[in-house]
1. Which residue pairs have Cβ atoms closer than 9 Å, lie 6 or more positions apart in sequence or on different chains, and pair a first residue in the range 247-271 that is more than 24 Å from Q224 (Cβ to Cβ) with a second residue that is of a type in the set (V, I, T) and in a loop (DSSP other than H, G, I, E, B)?
2. Could you pull out the residue among L231, L208, L237 that is modelled with pLDDT of 80 or more, within 22 Å of the chain's Cα centre (by Cα), within 30 Å of N102 (Cα to Cα) and not acidic (D, E)?
3. Kindly establish whether I272 is surrounded by 11 or more Cβ atoms within 10 Å (Cβ to Cβ), out of contact with any Pro (no Cβ under 9 Å at 6 or more places or on another chain), among the β-branched types (V, I, T) and closer than 25 Å to I71 by Cα.
4. Please work out if T215 is surrounded by fewer than 12 Cβ atoms within 10 Å (Cβ to Cβ), of a type outside the set (A, V, I, L, M, F, W, C) and not in a helix (DSSP H, G or I).
5. Look at Q229 and say whether it is outside the structural domain of I33 (by TED's automatic domain parsing), in contact with a Ser or Thr (Cβ under 9 Å, 6 or more places away or on another chain), farther than 21 Å from N31 by Cα and in a helix (DSSP H, G or I).
6. Collect the residues in the range 78-115 that are assigned to a helix (DSSP H, G or I), more than 22 Å from A35 (Cα to Cα) and not hydrophobic (A, V, I, L, M, F, W, C), keeping them in residue-number order.
7. Taking I127 as the residue in question, decide whether it is of a type in the set (V, I, T) and at pLDDT below 90.
Amino acid sequence: MSNQKNTITLGKKKIFSKVFWRSFTLSGTWNYINAQGVAFLYCMLPFINAVYKKKEDRIAAMKRHMSYFNITPAIVTFPLGIAGSMEEENASKPDFDISSINAIKASLMGPLSGIGDSFFWGTFRVIAAGIGISLAQKGNPLGPVLFLLLYNIPYFLTKYFLLRLGYNLGGQFIKKAYENGLIEIITRAAGILGLMMVGAMIYSNVSLATTVKFTLGDMTFKLQEILDQILKGFLPLIATMGCFALLRKKISANKIIIGILVLSLVLSLFKIV
């Protein structure tokens, strides 16, 4: 166990460098199954290969980090650092709670994305674009150059320092959390928060409503209004859980997508949705 832990200590700078540069590929493999999950795993590979010597341990870690993940690219290095630190702890402590790794990741997605979007999309980009456009309108060739510099310098620096901050804070925090029993509480709370985020994402991103209505006497009832009174987003929830059940039965995502398209066409043809 001690040899595994020393591996990442001795080559820490090299590992950080690999993770940092790989983090720029975060949105390159974005998909509707696990969003940035594939790219997050690619970024984590230097950590995984450094701390795990057994093939089965590396495979288990790879599967772990293929789970759904979606965050503002500028601050992804913070959860990468924390996850790397937690994987190191897992490699050196047989009683480590493995489920806490993904629980912490899931709990960080929403809050960090809110901060990242506000600063980088809502502030730095707008300011940089305003300065760049004002110069470009006057025919100054420095306009686009300044735009790129003003946006990307904070972007690069943030990603670089957050990686080390996440790794250092992660290691110290995990050690203290295990000593006082806080890790179990955090894992449970993070899991609950992650489920809340998934529920909110289903409601905001999955659009499904029925147009079915029926008449009883002089009154006309719309099925969608009745369902909304029972539970907002009832049909999107049922559809999402159905897709999840099919995935658990090892049915490929491509087949599910094709099935959704065919079913959508049939239901639209009969004016059900």
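The values are calculated or read from the model by the stated rules, or taken from the named source; none is laboratory data. Remember, it's a predicted structure, so these values are computed and weren't measured experimentally. No Cβ is skipped: glycine too gets one built from the backbone with ideal geometry, and neighbour counts run over all protein chains shown.
1. L247/I33; A253/I33
2. L237
3. Spelling it out, it is not the case that I272 is surrounded by 11 or more Cβ atoms within 10 Å (Cβ to Cβ), out of contact with any Pro (no Cβ under 9 Å at 6 or more places or on another chain), among the β-branched types (V, I, T) and closer than 25 Å to I71 by Cα.
4. yes
5. No, not satisfied.
6. S85, E88, E89, N90, S92, listed by residue number.
7. In short, yes.
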